[in-house]
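J.: What follows is a structure written as structure tokens; I'll ask about it next.
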Amino acid sequence: MKVTSTTRVLTLLGDPVAHSASPELQNAAFAAAGVDGVYVAVRCAPDDLVGFMRGLARAGGGGNVTLPHKEKAASILDIRSEAVRRTGACNTFWGDDEGRVHGDNTDVEGFRRALETFLEGPTAGIRVLLLGAGGAARAALAALVADRAGEILLYNRSQERARAVSRRIGGPKVRVVPIARELEGEDFDLVVNATRLGLAPGDPSPVDFRKLNRAGAAMDLVYGRHTTGFVQAAEAAGIRATDGMDMLIQQGAVSFERWWGHVAPVEAMREAVAERQTG
Ligand code: NDP
């Protein structure tokens with residue numbers, strides 16, 4: 001695709017951004033779909049976020065927002081999706097003809113789609129252990145609650161943060177577990193890692209699977225070129241496990257849909273990510 005004066009500019013705004021797979025993912029999707037767009041990553045300070053978002057959206061562009069700006073981005077929007085209202089975070093924005101900035105949190109739908117593929121069955125009624133209380137955990141919790149998981153135990157290093165997340169997104173099916181010891185001997189259909197542990201090769205697993213009575217499946221939201229500690233620990237305990245790569249692809253696919261108004265070429269996105277992993 002030739003970049004010209006009519007090409008739409010989509011950006012990833014965050015700090016850091018250099019590690020992100022989104023430019024490869026989205027540019028491969030734009031090429032496969034034949035849309036006139038280019039996607040670039042821009043390291044952005046908190047004070048510059050509002051200028052970038054408003055300017056880009058008004059110029060017909062948009063983009064993604066990543067760490068540490070997702071919450072601030074939600075406050076900048078004129079029109080918020082249900083997922084933004086529920087989670088208080090925005091990872092995707094675009095403009096309309098009246099100069100308004102729209103935003104969504106596609107991590108919610110990305111998590112949901114990735115989980116559906118991984119579980120090969122319904123989320124309704126399952127018992128889940130969710131580890132973490134940051135942005136990724138909020139997206140996962142919103143999806144699990146919406147899809148009527150039977151019970152969700154939420155555990156985070158800082159208990160207060162888990163309580164705040166549970167107050168905002170939870171409901172009668174969500175219970176905060178104050179100390180890890182209380183998880184011993186418990187049964188779960190699914191364990192989800194939404195902490196940052198695993199980003200660095202050599203990070204330990206945030207949970208000791210041997211201390212649980214049963215874990216049916218294990219889903220890490222973290223991804224990298226290495227196998228994460230969580231996935232390693234789950235597989236060593238004989239538990240089916242996956243990392244966050246499919247969620248990354250799926251949230252990117254939903255962002256593509258918001259910008260271009262049609263279904264994303266997911267296979268091309270998958271290939272671009274696979275190439276990056278081996279390249
Ligand atoms: P946040 O910074 O918002 O949250 C970090 C979480 O990790 C908190 O719960 C924090 O606990 C916990 N944590 C950090 N260090 C430790 C530690 N040493 N021991 C135990 N817990 C720890 O990050 P995000 O929620 O945005 O991202 C979390 C991960 O999810 C990242 O690796 C990110 O790349 C990934 N992610 C993947 C996506 C995908 O598409 N696959 C989408 C979004 C995120 P505390 O509150 O106690 O500090």
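Read-outs: derived from the displayed coordinates by stated rules, not from any lab. Nothing here was measured: the structure is a model prediction, and the numbers come from that model. FYI the Cβ positions are ideal-geometry reconstructions off the backbone, even for glycines, and counts take in every protein chain you see.
J.: Quick one: P(r) of the range 1-103 from all Cα-Cα pairs, 10 Å bins, percents rounded to integers, in order of increasing distance.
T.: With 10 Å bins starting at 0, P(r) equals 16, 47, 33, 4.
J.: Continuing with this model, one more query. Quick one: what are the phi-derived ³J(HN,Hα) couplings along the range 103-113, Karplus 6.51/-1.76/1.60 with θ = phi - 60°, whole Hz, x for glycine and proline?
T.: Each residue of the range 103-113 in turn: x, 9, 10, 6, 4, 5, 5, x, 4, 4, 5 Hz.
J.: Additional query: Can you work out ³J(HN,Hα) from phi for every residue in the range 92-100, in order, using Karplus 6.51 cos²θ - 1.76 cosθ + 1.60 and θ = phi - 60°, giving whole Hz and x for Gly and Pro?
T.: So the J values, rounded to whole Hz, are 9, 9, 7, x, 10, 5, 8, x, 8.
J.: If you take every residue apart from residue 29 with its C-beta less than 14 Å away from the C-beta of residue 29, what net charge results, scoring Lys and Arg +1 and Asp and Glu -1? Walk me through the numbers on the way to the answer.
T.: Details: positive: 8, 258, 270, 276; negative: 24, 36, 257, 267, 271, 275.
Result for the local shell: -2.
J.: On a straight-distance basis, which lysines could pair with residue 72 in a cross-link, Cα separation under 30 angstrom, same-chain partners fewer than 8 positions away excluded?
T.: Partners found: 173.
J.: At 25 °C and 0.890 mPa s, grab the translational diffusion coefficient of the range 108-243 from Stokes-Einstein with a Kirkwood Rh over Cα pairs, rounded to a whole number in µm² per second.
T.: Details: Rh = 14.5 Å.
So the translational diffusion coefficient is about 169 µm²/s.
J.: Moving on to the next point. Under Stokes-Einstein, with the Kirkwood radius over Cα pairs standing in for Rh, what whole-number D in µm²/s applies to the range 167-254 at 4 °C and 1.567 mPa s?
T.: On the way: Rh = 13.9 Å.
The calculation lands on 93 µm²/s.
J.: Can you give the helix-only mean residue ellipticity at 222 nm for the chain, where every DSSP H stretch with n ≥ 4 adds -39500 (n - 2.57) and the sum goes over all residues, rounded to the nearest 500 deg cm²/dmol? Walk me through the numbers before you get to the answer.
T.: Values: 10 runs with 109 residues, N = 279.
Helices in the chain give a 222 nm mean residue ellipticity of -12000 deg cm²/dmol.
J.: Would you give the gap between the C-alpha center of the range 223-246 and the C-alpha center of the range 1-68, rounded to a whole Å?
T.: Here the two parts' Cα centres lie 30 Å apart.
J.: Give the cross-link partners of residue 2 among the aspartates and glutamates, using a straight C-alpha distance below 18 Å as the criterion and excluding same-chain residues fewer than 8 apart.
T.: The qualifying aspartates and glutamates are 24, 36.
J.: Looking at 77, 218, 39, which one has the Cα that reaches farthest to the positive end of the dipole of the chain (charges on Cβ: Lys, Arg +1; Asp, Glu -1)?
T.: Towards the positive end, the residue furthest out is 77.
J.: Same structure again: When Lys and Arg each count +1 and Asp and Glu each count -1, what net charge do the other residues less than 15 Å away from residue 214, Cβ to Cβ, add up to? Walk me through the numbers before you get to the answer.
T.: Details: positive: 127, 210, 211, 240; negative: 151, 184, 186, 187, 189, 208.
That sum, taken over residues with Cβ under 15 Å, equals -2.
J.: Okay, next question. Where does the chain land on Rg/Rh, using Cα atoms and the Kirkwood Rh?
T.: Reported Rg/Rh, Kirkwood definition of Rh: 0.97.
J.: Provide the per-residue ³J(HN,Hα) series for the range 35-49, in order, calculated from phi with Karplus coefficients 6.51, -1.76, 1.60 and θ = phi - 60°, each as a whole number of Hz, with x at glycine and proline positions.
T.: 8, 8, x, 9, 10, 10, 9, 10, 6, 9, 7, x, 5, 8, 4
J.: Amide H of residue 240 versus every other amide H placed in the peptide plane: which residues, excluding those fewer than 5 positions away on the same chain, fall under 5 Å?
T.: Those lying under 5 Å, H to H, from residue 240 are 218.
J.: Looking at the range 62-132, which GluC sites (Glu not before Pro) are in a loop (DSSP not H, G, I, E or B) and have at most 16 other Cβ atoms within 10 Å? Could you put the intermediate results ahead of the total?
T.: Values: sites: 71, 82, 98, 109, 116, 120; in loops: 98, 120.
Here the sparse-neighbourhood loop sites are 98, 120.
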